[in-house]
Amino acid sequence: MMDQDNRLGISTRLLACLTAFMLLAPTLVVVPLSFTAKSSFKFPPDDWSIRFYRNLFSDPEWRNGLINSFQLAIVVMIVSVVIGTVAAIGLTRGRLRTAPLFNAVFLAPMIIPGIVFAVAIYDAFLETRMVGTFHGFVIAHTVVALPFPIITITAGLRGIDRDLERAAAVQGANPLVAFARITLPLLAPSMLAGAAFAFITSFDEIVVSLFIQSTEFRTLPVKMFTSVSTESDPTIAAAATIVITFSTLLILVAQLMPSSPAKDRSHV
């Protein structure tokens with residue numbers, strides 16, 4: 001029986017690896033393309049070079065787009081996790097009759113078509129003069145990224161034993177101390193996963209960014225879209241390789257984040 005379970009487990013893992021490879025293989029084609037020495041797309045490249053990586057970091061438009069995207073994604077990640085944590089606590093711990101309605105509102109950006117949301121944001125930002133501003137991008141990207149922290153943190157909260165918090169209260173801890181010493185450490189992996197998804201969502205956002213961009217502020221995905229639409233520049237492959245690598249590493253870190261030790265759960 002044990003051997004049969006082991007064989008089933010191995011087969012399942014092999015199937016998962018094969019599926020992952022089939023999904024990733026078309027995307028990974030851009031990696032060798034980014035090292036081509038010619039100013040054209042040819043797979044496999046005839047000659048190899050890092051000239052387009054140098055162009056990515058030396059050309060002002062590409063470099064500024066990369067910096068803008070990283071700065072924007074970091075701010076959106078922090079804001080989304082903070083708001084998402086508060087919202088998740090309210091949805092799971094609060095005694096609100098309208099909790100299902102609030103939950104639907106928070107998750108609406110995942111359901112509403114991106115183009116519809118982008119047009120609405122653009123119209124609102126025109127009235128408030130936030131088109132092309134950093135804080136305008138933060139607001140728009142936070143709305144798009146917020147559902148992911150809410151989903152992961154809500155799931156984490158529902159998996160935490162409430163008796164641990166009650167035990168802390170019995171020992172004299174007030175709700176704030178109990179949350180900081182008991183709930184927050186147990187919730188950290190869920191918050192980190194939500195942060196990773198929020199960062200990637202903001203960094204990769206293109207539809208909304210195309211509507212609210214300006215000559216002063218443009219993200220990397222917008223620059224990539226413009227490049228592939230108007231010219232044949234393998235710099236876009238170098239940019240795509242960096243995005244793929246960084247996003248993969250971020251997801252792996254979130255997945256490998258260890259949970260808090262059991263001994264910390266009872267210590268107040």
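Before moving on, here are some points about what is shown:
- With Cα atoms as the point set, the range 57-265 shows a radius of gyration and Dmax of 19.7, 67 Å.
- 222 nm mean residue ellipticity, helices alone, for the chain (DSSP H n ≥ 4; -39,500 (n - 2.57); rounded to 500): -24000 deg cm²/dmol
- Helix 60-93 axis, angle to the chain major axis (alpha carbon atoms, nearest 10°): 20 degrees
- Cα long-axis angle, helix 184-204 against the chain (0 to 90 degrees, to the nearest 10): 20 degrees
- The stretch between GLN71 and THR98, if pulled fully straight at 0.36 nm per residue, gains 6.2 nm over its current Cα-Cα span.
- Taking the centroid of alpha carbons for each part, the range 27-85 and the range 177-242 are 12 Å apart.
- Residues ASP123 and ARG54, FRET efficiency given R0 of 41 Å [Cβ-Cβ distance, rounded to 0.05]: 0.50
- Relative to the longest principal axis of the Cα atoms of the chain, the long axis of helix 2-28 lies at roughly 40 degrees.
We did not get these values from a lab; they are worked out from the coordinates using the rules stated. Keep in mind that what you see is a predicted model, and the values were worked out from it rather than measured. Virtual Cβ from ideal backbone geometry, glycine too; neighbours counted across all protein chains shown.
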